[in-house]
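*Asks:* Below are the structure tokens for one structure; questions will follow.
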Amino acid sequence: MQAARPAPPPTPLASAAVLAGGAAVLGLAVWLAAIGSLAVWAVPVVIAVGLWLAVARPTPLARLTAVLVLLTFQFRGEQGTTALEVVSGLALVVYLAHWYVDVWLYRRRVVTSMFDVAALTWGAGGLVAGMVLGQLFGASAYDFRADVLATIPFLLYLPAKDLCARHRYGSLLLAGALVAYGVIASVQSALFLREVVTGATAVWEIADARFASSETSVTAGLLLSVATFATARGRTTRAVALALAGGLLGGLILSKSRGFWVAAVLGLVALGVVGRSADRRRLVLAAVLGTTALVALSLLLFADQISLIVDGSLNRLATLATAGQDISLLNRFAETDAAWERIRANPVLGYGWGVQFSYYGLISHETITWAFLHNGYVSLWYKTGLWGLLLMMTVWTGGVVRGAAAGRSPRLAARERACALGAMATLVAFSLAAITSGPFSILDQMLVVTLTLALAHGVADRARALSAPPDAASRRSAAQ
């Protein structure tokens, strides 16, 4: 057992930070009350959580679990902001502030590789630099706020990766959160489909129904579930993983997102290539049994409309052959071309958060002006410059390579190898989906990407620690 850390001596800076935090909370409460916002009741919740943290002193695993549970409110799949979303956002900010201050006070070593340096530079430095550049180049207030809020979850990378590397249940927490987010999105799609079926006045309304409900989380959950089935030893674990994979496959089909369909297949191929020979055989078995489970679930929930749903999905699949002529895809190409013209004028520095550009929309037949880009790579280049793109791609590529290596490590437990393989396959899948989905500009998608990167690098760090000479420090870290 590792001895409890002694409390750091109080410093003037720490006292000033506490006073500043209290003043900020008080000012937020007064401002929300003045504008008549319903989110004002989130302030006492934050104060209560702060008191709980001070008195109960929960473990790092419990703190991160609480934050990840609250962040499920970000997966509503609806427009607008609710008070619960405000609470979860405030909880995330409070958690991040507490964690980084704690690391600074105790001088803990959490940056252990060049990939961590790149992630910290992009997350913290990029957040500030993007804000400065955005104001310099005349950002739109609405788009500036959206970009900043979407970037904040990336600061979870270091806390999540560090916990995954040091705690034996850290990888299970991150993988479980990703699967849970995917299940929530899939259930939302099923409920939306039920509403369509109940209120439909024509058969085409059922066949053409499409539910874009966070395909990133569904894809991540699916690949992690399949990886668990392929590597797990216990029958119960394999049965649960198979059931989850079947349900998540249904959620992915209901999204009717061709890009994520192809991306998921690419992720499954990556699992087959990197996994052991026994894992490959189980992947084939998972495909057969998972499809069977999906069919059984569909017949149970939508017995009378199953033929219409299947027909609509097959029609959507058939359009892959002519995807290059799809008006939606061509519209995104026009969007990318417009942003690229501005990138050519400023390729290194970037324009920062919330700076808009204009292009002629092929669907709306009018000029569209906004800051959102469907191409995630072009979005990074446009907003954070070449430096930001290279930093993110460093972390991303490192996650794929290190996750693949950890997935074959003989020193890791089967559950940890499953997490590494699932994270690796998810990053491979996202590398294709990011061309048309823009995962770096939407809060819930950035959260999924961040947790996936943290999972891959965290398990890789754990494998490296177990391979190192067994000194006292490494034994304590591996035993946690």
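*Asks:* Out of the range 75-101, which residues are open to solvent by 30 Å² or more (accessible area, probe 1.4 Å) and either at pLDDT 85 or above or in a helix (DSSP H, G or I) (or both)? Full working, then the answer.
*Replies:* Just the residues of the range 75-101 that are open to solvent by 30 Å² or more (accessible area, probe 1.4 Å), to begin with: 76-82, 84, 86, 90, 93-94, 97-98, 100-101.
Correct list: L84, V86, L90, V93, V94, A97, H98, Y100, V101.
*Asks:* Follow-up question, since we're still on this one. Taking G388 as the residue in question, decide whether it is open to solvent by less than 60 Å² (accessible area, probe 1.4 Å) and within 23 Å of A141 (Cβ to Cβ).
*Replies:* Values: open to solvent by less than 60 Å² (accessible area, probe 1.4 Å): yes; within 23 Å of A141 (Cβ to Cβ): yes.
It is true that G388 is open to solvent by less than 60 Å² (accessible area, probe 1.4 Å) and within 23 Å of A141 (Cβ to Cβ).
*Asks:* If you check S431, S441, which single one turns out to be among the polar types (S, T, N, Q) and in a loop (DSSP other than H, G, I, E, B)?
*Replies:* Among S431, S441, only S441 is among the polar types (S, T, N, Q) and in a loop (DSSP other than H, G, I, E, B).
*Asks:* Here's a follow-up. Taking the range 102-133 on its own, how many of its residues are assigned to a helix (DSSP H, G or I) and loosely packed, with under 14 Cβ neighbours inside 10 Å? So that I can check it myself, show each step before the final result.
*Replies:* As a first pass, look at the range 102-133 and keep what is assigned to a helix (DSSP H, G or I): 102-106, 114-133.
Cutting the leftovers down to loosely packed, with under 14 Cβ neighbours inside 10 Å gives us 104, 106, 114, 128, 132.
Residues meeting the conditions: 5.
*Asks:* Okay, next question. Within the range 358-375, identify whether any single residue is under 22 Å from A118 (Cα atoms), out of contact with any Lys or Arg (no Cβ under 6 Å at 6 or more places or on another chain) and at pLDDT 90 or above, and answer yes or no.
*Replies:* yes
*Asks:* Among the residues that make up the range 134-154, is at least one of them of a type in the set (D, E, K, R) and part of a loop (DSSP other than H, G, I, E, B)?
*Replies:* So far as the range 134-154 goes, no, none of its residues is of a type in the set (D, E, K, R) and part of a loop (DSSP other than H, G, I, E, B).
*Asks:* Can you name every residue in the range 352-377 that is more than 23 Å from A433 (Cβ to Cβ) and either surrounded by 16 or more Cβ atoms within 10 Å (Cβ to Cβ) or without any contact (Cβ under 8 Å) to a residue 24 or more places away in the chain (or both)?
*Replies:* Passing the criteria: G352, G354, V355, Q356, S358, S364, H365, E366, T367, T369.
*Asks:* Select from the range 351-388 the residues that are over 18 Å from G134 (Cα atoms), assigned to a loop (DSSP other than H, G, I, E, B) and more than 24 Å from the chain's Cα centre (by Cα) and list them in ascending order.
*Replies:* Of everything in the range 351-388, those that are over 18 Å from G134 (Cα atoms), assigned to a loop (DSSP other than H, G, I, E, B) and more than 24 Å from the chain's Cα centre (by Cα) turn out to be L362, I363, S364, H365.
*Asks:* So, of the residues in the range 438-458 that are in contact with a Gly (Cβ under 7 Å, 6 or more places away or on another chain) and at pLDDT 95 or above, which turns out to be surrounded by the fewest Cβ atoms within 10 Å (Cβ to Cβ)?
*Replies:* Among those that are in contact with a Gly (Cβ under 7 Å, 6 or more places away or on another chain) and at pLDDT 95 or above, it is L453.
*Asks:* Going by what's in this entry, would T236 be described as in contact with a helix residue (DSSP H, G or I) (Cβ under 6 Å, 6 or more places away or on another chain) and over 24 Å from D326 (Cα atoms)? Don't jump to the end; show me each part of the working.
*Replies:* Numbers: in contact with a helix residue (DSSP H, G or I) (Cβ under 6 Å, 6 or more places away or on another chain): no; over 24 Å from D326 (Cα atoms): yes.
The answer is no for T236.
*Asks:* Something else: Given the condition at pLDDT 95 or above, under 22 Å from A129 (Cβ atoms) and either in contact with a helix residue (DSSP H, G or I) (Cβ under 9 Å, 6 or more places away or on another chain) or surrounded by fewer than 24 Cβ atoms within 10 Å (Cβ to Cβ) (or both), answer yes or no: does some residue in the range 412-420 qualify?
*Replies:* Within the range 412-420, none of the residues are at pLDDT 95 or above, under 22 Å from A129 (Cβ atoms) and either in contact with a helix residue (DSSP H, G or I) (Cβ under 9 Å, 6 or more places away or on another chain) or surrounded by fewer than 24 Cβ atoms within 10 Å (Cβ to Cβ) (or both).
The values are calculated or read from the model by the stated rules, or taken from the named source; none is laboratory data. Note that this is a predicted model, so its numbers are computed, not measured. Cβ coordinates were reconstructed from backbone atoms using ideal geometry, including for glycine residues, and neighbour counts include every protein chain displayed. For the accessible areas, the whole protein counts, side chains as well, though only heavy atoms, and no ligand, DNA or RNA atoms are used. Shrake-Rupley method; radii C 1.70, N 1.55, O 1.52, S 1.80 Å.
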